[in-house]
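Novice: I'd like to ask some things about the structure below.
The values are calculated or read from the model by the stated rules, or taken from the named source; none is laboratory data. What you are looking at is a predicted structure, and each value in this text was computed from that prediction instead of being measured. Quick reminder, even Gly has a Cβ in these numbers, built from the backbone with ideal geometry, and neighbours come from all protein chains shown.
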Amino acid sequence: MPAKILVVEDNPTNLYLMEYLLGAYGHSVKTAGDALTALAAIEAERFDIILADVLMPKMDGFEFLKRAKGSHPDGPPIVAVTALAMVGNRETIMESGFDGYIPKPISPETFVGEVDHYLPEAKRSKVTSGPQPRSVDDEPDRPRPAGRTILAVDDVPTNTQVLRATLEPFGYNVVEARSMREALEIAARVKPDLVVTDVHMPSGSGYDLIRAFKADPDLHDVAFVFVSSTYWHELDRARGLSLGASKFLVRPIDPQTLVAEITETLQDADG
């Protein structure tokens, strides 16, 4: 049975990353962008664990904790997920009544396991119990991804972190770039097998990037996949494909679908 988790976080980027990672490993996640919304949520349903930011506007995590514990003294563990990392902050947080502490910035590679630590064994994800995520190496009919390098290009670090957390358990090597210039510099040193890029970025769009690759004889044959949150028109997709991209994917996309699309793209590129 998956765990029911409430994530309380006012930063949309942090909220998205935590929701994505927990959902990717089978947990059922509900989100709240502020403490008042979270208090209403725990009155409406039961959760196995609550992950709460500490520094939030209007009502901080300490006040949220006090009210949540006051109304539900036998409720689920409440774990602080916070950037408060100065000497003494952890002790202050734990002494205030939080049941655990996970520092920010969270690590996509370890975050789900850290959350599992506070859950009963039957509710833990496959990160720490049961089989690990199925790897394409487990299927002998498919090319093994060992040594396959994917260059993830996005000016939002959360998006490339999600790609890394999704693809690396399946054996892919993911390299991150924050701009077109950085992507070209990396590609000049280590030719990737595939580029997964956002479309709309400052200092060079994904369309500009694929043009630069196609114009370079050494990079011309590198496969491209666009992944965008701002795909509003069929012309965007048509433009990307006309420039030589294999796929145009739209966020949000579930991890299983993303892995399948990446694997299929690489198989097609191999001929």
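Novice: Can you find, within region 221-240, the residue that is nearest to the chain's Cα centre (by Cα) among those that are modelled with pLDDT under 85 and assigned to a loop (DSSP other than H, G, I, E, B)?
Specialist: Once the filter is applied, the top-ranked residue is 229.
Novice: Of all helices (runs of 4 or more DSSP H) completely enclosed by region 76-178, which ones contain at least 1 residues that are surrounded by 15 or more Cβ atoms within 10 Å (Cβ to Cβ) and at pLDDT below 85?
Specialist: Answer list for region 76-178: 89-95, 157-167.
Novice: State the number of residues belonging to region 22-64 that are assigned to a loop (DSSP other than H, G, I, E, B) and either of a type outside the set (Ser, Thr, Tyr) or modelled with pLDDT of 95 or more (or both).
Specialist: 16
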